[in-house]
Amino acid sequence: MELYIALKIIWALLLGVLLSGLAIMVGMDMGVGTLLRFVGRTDAERRTSLAIIGPHWDGNQVWFILGGGAIFAAFPTLYATSFSTFYVVMILLLFAMILRPVAFEYRSKVDARHWRASWDWAFLVSGALPMIIFGAAFGNVLQGVGFHFGWDGQYYQDESFVWYLLNPFALLCGVMALALAVYQGGAMLMIRGMGDLAARARRFAIGGGLLALVLFAIGGVWIRFIKGFAFTRSVDPGMPATPLGGPAVVMRAGAWLDNFHTHPLLWLLPALGACGMLGGPLALLARKPVLGWWLGALAWIGTIFTAGGAMFPFLMPSSTTPAESLTVWNASGSAYNLGWMLGFAVVFVPIIVTYTGWAFRVMKGKVNPATVVADDHFY
Amino acid sequence: MIDPTVVNLSRLQFALTALYHFQFVPLTLGLSFILAAMETVYVITGKPIYKDMTLFWGKLFGINFAIGVATGLTMEFEFGTNWSMYSHFVGDVFGTPLAIEGLMAFFMESTFVGLMFFGWDRLSRPAHLAVTYLVALASNLSALWILIANGFMQDPAGARFDPVTMRMQFKSFGALVFSPDAQAKFVHTSIAGYVSGAMFVMGISAYYLLRKQHREFAARSFRIAALFGLVSTLAVVTLGDALGRMDDLVQPAKLAAMEGLWHSARGPSAPWKLFALPDDEKQRDAASIGIPYVLTPLVAHEWKTTIPGIYALERAAKARTVSGIKAIIALKSFGASHDPAALAAFRKHENDMGYGFLAQRYAPDQDLSAITPALLPAVLAKTARASIPNVFVEFWSFRIMVGLGVAFIVVFAFGAYYSLKNELEKHPLVMKAAMLAIPLPILACEFGWVTAENGRQPWTVYGWLPTFQSASSHGIGYMIFSLAGFVLLYSLFIAAELYLMFKYARLGPGEHTAQPKPLPVPVRPVFGQPGYAHKPWQ
Amino acid sequence: MKDLVKFGALALVLLTALLLAVVAGDEGPWYFAWLVGTTMIVLIAVSSAVLFETQEANSLATHKETSQ
């Protein structure tokens with residue numbers, strides 16, 4: 001039983017790691033996509049921007065796919081319920097996500113102004129929209145989502161999707177995610193770009209980082225007034241994974257800060273995030289984009305783990321039937337499954353990090369626009 | 001209450017997106033190894049024409065790969081967005097291969113594909129070759145884990161239903177991974193991809209040869225593709241036969257539908273239907289032509305076994321439904337009360353619970369406890385009928401797939417023979433056939449998908465969870481929104497994809513790979529230039 | 001020393017291949033068939049191209065002889 005609890009906690013942490021990887025790597029590419037029309041005034045500059053992430057976006061995107069797969073396996077009920085309750089939003093996200101690979105591959109293959117201009121808009125939409133939705137999903141989950149379960153484990157939705165798109169706190173989280181993505185993408189454009197391109201990217205990145213910092217601070221104050229969720233009595237973390245028949249849960253303003261009060265060390269998480277968001281733009285001001293990129297990564301990690309730390313053990317609380325809220329304890333896979341998955345993760349995550357690093361090393365250095373324009377093998 | 005319209009729309013959407021995705025997958029599986037073979041020749045012989053070949057076919061590979069990845073994203077998320085009950089029910093075991101696919105294969109494929117396209121100047125020849133092989137291996141490993149997941153839907157091995165968590169729980173990793181169904185399915189699908197890739201390369205090369213363009217390039221590509229394809233088609237047909245025997249053992253209803261067997265086939269003389277017009281409504285053939293003494297040896301590889309027909313399978317389904325209804329009623333009561341007596345009652349009928357779920361649709365208000373003895377026969381009859389997949393679709397999609405497979409052997413055999421004799425130019429007919437056959441392997445793959453997945457109906461998890469029970473509880477509006485979006489986007493994509501494929505295939509290799517265009521500025525290495533003070537590109 | 005490293009690496013690769021073959025052959029005969037089959041298909045395709053080069057070299061040589 002203790003082993004099962006440990007596995008559940010490890011997978012909750014790994015979920016945070018995965019979401020961070022997703023936010024940093026995919027967010028960077030999304031940021032470049034969003035910025036494409038603004039940092040690139042000429043076609044050459046835009047193609048250079050795409051060439052900068054060209055060899056890597058495909059690999060980065062797998063974080064997104066792996067995120068989906070890992071939630072499916074490690075928290076099946078969470079996967080089933082969250083993707084379905086957020087249906088319209090998720091489908092919009094999917095549309096944006098599938099537009100992007102196609103835009104990369106097709107944009108520069110035809111030399112016509114309207115063709116390329118259309119794909120540049122596609123980059124803007126498919127970059128900005130997923131980041132806003134990614135952030136907004138966090139915002140919605142923090143406020144609780146309206147759903148309950150039938151006897152066989154089927155979920156039923158109790159709210160309209162319009163709420164998930166248009167509520168102020170979710171929008172704030174969405175814009176913050178976009179700002180961080182713009183920051184991360186801008187930093188990458190500075191690392192490998194030259195001249196005007198890099199200069200414009202720098203301005204946008206600094207703005208994005210500082211905006212994220214401001215929104216993070218506002219969100220931190222706002223969370224005090226949002227109704228968080230808390231158990232009324234202690235739960236058995238080793239319980240079998242079913243959302244039915246669980247202990248009562250109350251909704252109370254400020255409950256999301258409970259974990260921080262009981263474990264003050266957790267305050268380090270938002271502090272790390274804020275350090276990243278403040279230090280990043282400063283590094284870019286000092287023209288140290290590589291340092292800035294890593295500080296941006298720190299900002300993401302800090303933010304995501306802050307949200308996770310506030311909610312733990314809740315994953316997706318239900319605002320209409322709080323007792324059926326999904327938690328780390330009641331939405332996870334079986335011990336056998338989590339064990340096997342952990343084995344695979346322990347073996348393969350280091351391998352993935354190693355060859356991703358190798359790929360970045362092989363392709364390192366500034367991208368020369370002249371060569372990009374001359375060679376139609378480039379994006 | 002489950003709304004049948006929503007379930008049907010969800011099925012339509014999944015089928016559309018899966019079939020669409022599956023147009024691109026076979027080419028990726030096959031082309032990647034053909035690229036690896038070409039580059040191997042380049043590294044061995046050092047002849048630059050093989051590098052040109054790798055680059056050119058690599059470009060077409062890239063166009064196809066991008067859209068394959070894009071549409072694959074949909075698949076990974078669609079289980080959650082549209083099949084929540086399914087995801088909850090089997091996520092503990094079905095999600096695992098999907099996650100491992102990401103960890104082990106997809107990451108590798110996508111990271112190295114970037115290096116494969118852009119790393120030519122930055123890697124040594126052997127290192128680049130290794131990268132190409134890794135891409136090929138990883139794309140097939142991807143298929144492996146996806147088909148292990150699919151194998152679980154066809155023959156749920158390695159898991160057991162747990163009444164406390166109301167889902168299938170993972171029990172044996174080995175049983176899941178080495179399930180015979182998953183194994184045979186993977187090998188069959190992967191090699192079918194090789195056939196598709198080979199036909200693609202061979203057909204386009206034939207087009208050049210017919211027009212007497214790029215002959216050096218096309219003759220070599222043709223040779224490699226013809227041999228690659230010939231061996232692959234032989235393998236794919238043999239493996240398909242093995243897969244059929246597997247279905248005979250674990251999915252008798254699928255096999256009966258594939259062969260249009262209304263009555264059980266006893267003894268060696270039972271006819272194999274070459275042609276038939278199965279009528280699902282009346283459950284008989286409107287017309288049929290059979291060849292005696294073929295069916296039993298073909299399916300079972302022996303003379304004396306009995307192959308159960310649809311009538312017999314429906315009778316068996318009725319008995320299981322009676323038991324399944326008891327199982328579900330006991331399960332529901334156990335869920336509410338955690339009463340050990342209810343659990344004991346459930347355990348007695350556990351293995352038939354899927355049929356209880358299946359019967360739910362035909363019970364009054366979809367409530368099994370409301371079935372009166374008077375209503376029972378009607379419910380049983382409807383459930384039994386529902387337990388058989390659509391015979392017409394299954395019969396014909398299977399036959400089209402097999403027919404195409406046999407035709408490919410002929411095309412590849414002639415292509416390989418004349419290519420080996422260097423007499424291709426004397427036989428334009430062979431080349432025309434190769435050209436016309438380009439899309440056919442993809443078509444065969446699609447029909448293979450239909451055979452496998454239509455034959456699995458009415459189940460998402462064979463014998464345990466019906467499709468009807470699996471979908472998310474969406475409103476119709478949601479489904480129309482997403483369906484309309486997918487149709488619109490995917491139509492745009494296919495138009496752009498075909499336009500580009502034709503454009504680059506017509507342009508041919510010489511135009512853009514052999515000689516780089518003269519540059520307005522001095523050529524410099526692409527990367528690795530620190531400070532670049534002036535801007536010659538403006 | 002370099003040769004020794006090469007030899008060691010080769011031995012390691014062979015050992016892994018053997019191990020894989022034994023496990024796959026035991027537990028998953030189809031997987032084993034795929035490994036062997038794919039290798040064979042690629043090798044046949046490669047050797048067919050090498051044969052093409054030989055044929056062309058020969059026909060060039062005979063062409064020269066007859067034209068002289």
Task: Test: A:Q143 is more than 13 Å from chain B (Cβ to nearest Cβ), more than 23 Å from B:G485 (Cβ to Cβ) and touching a helix residue (DSSP H, G or I) at 6+ places or on another chain (Cβ under 8 Å) - done: yes
- [ ] Identify, by number, the condition in (1) more than 16 Å from the chain's Cα centre (by Cα); (2) closer than 27 Å to A:N60 by Cβ; (3) acidic (D, E); (4) surrounded by fewer than 24 Cβ atoms within 10 Å (Cβ to Cβ) that B:E39 doesn't meet.
- [x] (4)
TODO: Filter segment B:162-178 down to residues that are facing chain A (nearest Cβ under 9 Å) and assigned to a strand (DSSP E or B) and give me whichever is farthest from the chain's Cα centre (by Cα).
DONE: B:D162
Open item on the list: Would you confirm whether or not segment B:326-338 contains a residue that is within 26 Å of B:G240 (Cα to Cα) and either within 14 Å of another protein chain (Cβ to nearest Cβ) or of a type in the set (F, W, Y) (or both)?
Closed with: no
Task: Restricting segment B:196-239 to residues that are surrounded by fewer than 21 Cβ atoms within 10 Å (Cβ to Cβ) and within 28 Å of the chain's Cα centre (by Cα), the residue that is farthest from B:F395 (Cα to Cα) - done: B:L234
TODO: Scan segment B:362-374 for residues that are assigned to a helix (DSSP H, G or I) and under 21 Å from B:V461 (Cβ atoms) and jot them down.
DONE: B:Q366, B:L368
Task: Among the candidates B:A36, B:A66, B:A99, residue that is facing another protein chain (nearest Cβ under 7 Å), in a helix (DSSP H, G or I) and in contact with a Pro (Cβ under 7 Å, 6 or more places away or on another chain) - done: B:A66
Task: segment A:75-85: number of residues that are more than 7 Å from chain B (Cβ to nearest Cβ) and within 14 Å of B:S473 (Cβ to Cβ) - done: 1
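Is it the case, given these coordinates, that B:M153 is more than 30 Å from A:T371 (Cβ to Cβ), away from chain A (no Cβ under 11 Å) and touching a Pro at 6+ places or on another chain (Cβ under 7 Å)?
Criteria not met by B:M153.
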Task: Candidates B:K254, B:K318, B:K282, B:K326 - the one that is modelled with pLDDT under 85 and not polar (S, T, N, Q) - done: B:K282
Open item on the list: Please pick out the residue among A:V162, A:V175 that is part of a helix (DSSP H, G or I), without any contact (Cβ under 8 Å) to a residue 40 or more places away in the chain and either closer than 30 Å to A:S334 by Cβ or within 25 Å of the chain's Cα centre (by Cα) (or both).
Closed with: A:V162
Open item on the list: For the condition surrounded by 20 or more Cβ atoms within 10 Å (Cβ to Cβ) and closer than 22 Å to A:R233 by Cβ, what is the one hit in A:S318, A:S334?
Closed with: A:S318
Open item on the list: Could you tell me how many of the residues in segment B:375-401 are small (G, A, S), closer than 16 Å to B:D280 by Cα and in a helix (DSSP H, G or I)?
Closed with: 4
Open item on the list: Show the residue pairs meeting these rules: Cβ distance below 7 Å; 6+ apart or different chains; first residue within segment B:119-135 and at pLDDT 90 or above; second residue polar (S, T, N, Q).
Closed with: B:L129/B:T40; B:V135/B:S32
Task: Test: A:Y155 is crowded, with 24+ Cβ neighbours inside 10 Å and under 15 Å from A:L36 (Cα atoms) - done: no
Task: Number of the exception - A:F104 against (1) away from every other protein chain (no Cβ under 11 Å); (2) closer than 26 Å to A:G207 by Cβ; (3) hydrophobic (A, V, I, L, M, F, W, C) - done: (1)
Task: Residue check, B:L368 exposed (fewer than 14 other Cβ atoms within 10 Å of the Cβ) and free of Cβ contacts under 8 Å to residues at least 60 places away in the same chain - done: no
Open item on the list: Taking the conditions exactly as written (part of a helix (DSSP H, G or I), out of contact with any Gly (no Cβ under 6 Å at 6 or more places or on another chain), in contact (Cβ under 8 Å) with a residue 60 or more places away in the chain and of a type in the set (D, E)), does A:D196 satisfy them or not?
Closed with: yes
Task: Answer from A:I91, A:I65, A:I98, A:I53 - the residue that is among the aliphatic types (A, V, I, L, M) and in contact (Cβ under 8 Å) with a residue 12 or more places away in the chain - done: A:I53
Open item on the list: I need the full set of residues from segment B:179-220 which are of a type in the set (D, E, K, R) and not in a helix (DSSP H, G or I), in order please.
Closed with: B:R211, B:K212
Open item on the list: Give me the residue from segment A:337-379 that is aromatic (F, W, Y) and more than 7 Å from chain B (Cβ to nearest Cβ) and, out of that set, surrounded by the most Cβ atoms within 10 Å (Cβ to Cβ).
Closed with: A:Y379
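So, A:T306, is that one more than 10 Å from chain B (Cβ to nearest Cβ), buried (at least 20 other Cβ atoms within 10 Å of the Cβ), part of a helix (DSSP H, G or I) and β-branched (V, I, T) or not?
yes
At the interface with chain B (Cβ under 7 Å from one of its Cβ atoms) and farther than 13 Å from B:A496 by Cβ - does that describe any residue in segment A:108-124?
Scanning segment A:108-124, I find no residue that is at the interface with chain B (Cβ under 7 Å from one of its Cβ atoms) and farther than 13 Å from B:A496 by Cβ, so the answer is no.
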Open item on the list: Go through segment C:1-35 and report how many residues are in a helix (DSSP H, G or I) and either touching a residue at least 12 places away in the same chain (Cβ under 8 Å) or not hydrophobic (A, V, I, L, M, F, W, C) (or both).
Closed with: 13
- [ ] State whether the residues of segment C:41-59 include one that is of a type outside the set (K, R), touching a residue at least 12 places away in the same chain (Cβ under 8 Å) and in a helix (DSSP H, G or I).
- [x] no
Task: From B:F161, B:F170, B:F117, B:F152, residue being of a type in the set (F, W, Y), surrounded by fewer than 24 Cβ atoms within 10 Å (Cβ to Cβ) and closer than 30 Å to B:K254 by Cα - done: B:F161
Open item on the list: Step by step: first the residues of segment B:102-112, then only those that are within 7 Å of chain A (Cβ to nearest Cβ) and aromatic (F, W, Y), then the one that is farthest from the chain's Cα centre (by Cα). Which residue is that?
Closed with: B:F107
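The values are calculated or read from the model by the stated rules, or taken from the named source; none is laboratory data. The structure presented is a predicted model; accordingly, all values stated were derived computationally and were not measured. Virtual Cβ from ideal backbone geometry, glycine too; neighbours counted across all protein chains shown.
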